[in-house]
1. May I ask you to list the residues in region 1-38 that are within 17 Å of ARG81 (Cα to Cα) and not hydrophobic (A, V, I, L, M, F, W, C)?
2. Identify the single condition in (1) assigned to a strand (DSSP E or B); (2) farther than 19 Å from TRP9 by Cα; (3) touching a Lys or Arg at 6+ places or on another chain (Cβ under 9 Å) that TRP89 does not satisfy, given that it satisfies every other one.
3. Only one residue in GLN53, GLN40 is under 17 Å from LEU118 (Cα atoms) and within 9 Å of the ligand (Cβ to nearest atom), so which one is that?
4. Working only within region 96-118, note down all residues that are more than 13 Å from the chain's Cα centre (by Cα) and in a loop (DSSP other than H, G, I, E, B).
5. Is at least one residue of region 6-17 exposed (fewer than 15 other Cβ atoms within 10 Å of the Cβ) and either without any contact (Cβ under 8 Å) to a residue 60 or more places away in the chain or farther than 19 Å from TRP110 by Cα (or both)?
6. Does any residue of region 30-39 turn out to be part of a loop (DSSP other than H, G, I, E, B), under 19 Å from CYS122 (Cα atoms) and basic (Lys, Arg)?
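The values are calculated or read from the model by the stated rules, or taken from the named source; none is laboratory data. Please read all numbers here as calculations on a predicted model, not as lab measurements. Here the Cβ is made from the backbone with ideal geometry for all residues, glycine too, and neighbour counts use every protein chain on show.
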Amino acid sequence: MPVDLSGTWNMVSNENFEGYMLALGIDFATRKIAKMVKPQKVIKQNGDSFTIQTLSTFRNYLVQFKIGEEFDEDTKGLDNRKCKSLVTWDNDRLTCIQKGEKANRGWTHWIEGDELYLEMFCEGQVCKQRFQRA
Ligand code: VLZ
């Protein structure tokens, strides 16, 4: 994997976060606040080991994993569900499948030009986010 996603990234666009949150069953009040925030991604990539922090004024979220090793994810502070999550490289795309109560749930990260892309999907909804280096 030649790609290194490491760095501090600021969100510059966020498409259909509302649809994604609705698919996750996030309540109205939380959605109203969450759609206003512009989270920062702090990614640490060390060989096959990753730490991804999503930081915002409203909520923070941390996930740590190794490529190819399924782990128990508790989406605490988001939709508060338990998932069996697995992250792999799909060519140069870092792709996570989050098995659990929600069908077709996961996300994928990649770099294009100087930008970091993220697509988060759940039950047919796709949220597209773009980040630039801080
Ligand atoms: O990111 O799954 O980078 O975990 C929104 C936080 C983003 C703001 C949530 C408040 C995490 C939300 C996104 C309140 C409901 C995510 C993965 C890929 C790593």
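1. Initially, region 1-38 is screened for residues within 17 Å of ARG81 (Cα to Cα), giving 20-27, 30-31.
Passing the criteria: TYR20, GLY25, ASP27, THR30, ARG31.
2. Evaluating TRP89 over (1) assigned to a strand (DSSP E or B); (2) farther than 19 Å from TRP9 by Cα; (3) touching a Lys or Arg at 6+ places or on another chain (Cβ under 9 Å) leaves (3) as the failure.
3. Values: GLN40 fails: within 9 Å of the ligand (Cβ to nearest atom).
After applying the criteria, what remains is GLN53.
4. Step one: filter region 96-118 for residues more than 13 Å from the chain's Cα centre (by Cα), giving 99-104, 111-115.
If the condition is that a residue be more than 13 Å from the chain's Cα centre (by Cα) and in a loop (DSSP other than H, G, I, E, B), then GLY100, GLU101, LYS102, ALA103, ASN104, GLY113, ASP114 are the ones that fit.
5. Taking every residue of region 6-17 in turn, at least one turns out to be exposed (fewer than 15 other Cβ atoms within 10 Å of the Cβ) and either without any contact (Cβ under 8 Å) to a residue 60 or more places away in the chain or farther than 19 Å from TRP110 by Cα (or both).
6. First, pick out the residues of region 30-39 that are part of a loop (DSSP other than H, G, I, E, B): 35-39.
Going one step further and asking which of them are under 19 Å from CYS122 (Cα atoms), we end up with 35.
Add one more test, that the residue is basic (Lys, Arg), and what stays is 35.
Scanning region 30-39, I find at least one residue that is part of a loop (DSSP other than H, G, I, E, B), under 19 Å from CYS122 (Cα atoms) and basic (Lys, Arg), so the answer is yes.
Listed here are the residues, each with its yes/no results for (1) assigned to a loop (DSSP other than H, G, I, E, B); (2) surrounded by 16 or more Cβ atoms within 10 Å (Cβ to Cβ); (3) more than 13 Å from the chain's Cα centre (by Cα); (4) at pLDDT 95 or above.
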{"site": "LYS41", "(1), (2), (3), (4)": "no, yes, no, yes"}
{"site": "PHE58", "(1), (2), (3), (4)": "yes, no, yes, yes"}
{"site": "ASP72", "(1), (2), (3), (4)": "no, no, yes, yes"}
{"site": "LEU94", "(1), (2), (3), (4)": "no, yes, no, yes"}
{"site": "MET120", "(1), (2), (3), (4)": "no, yes, no, yes"}
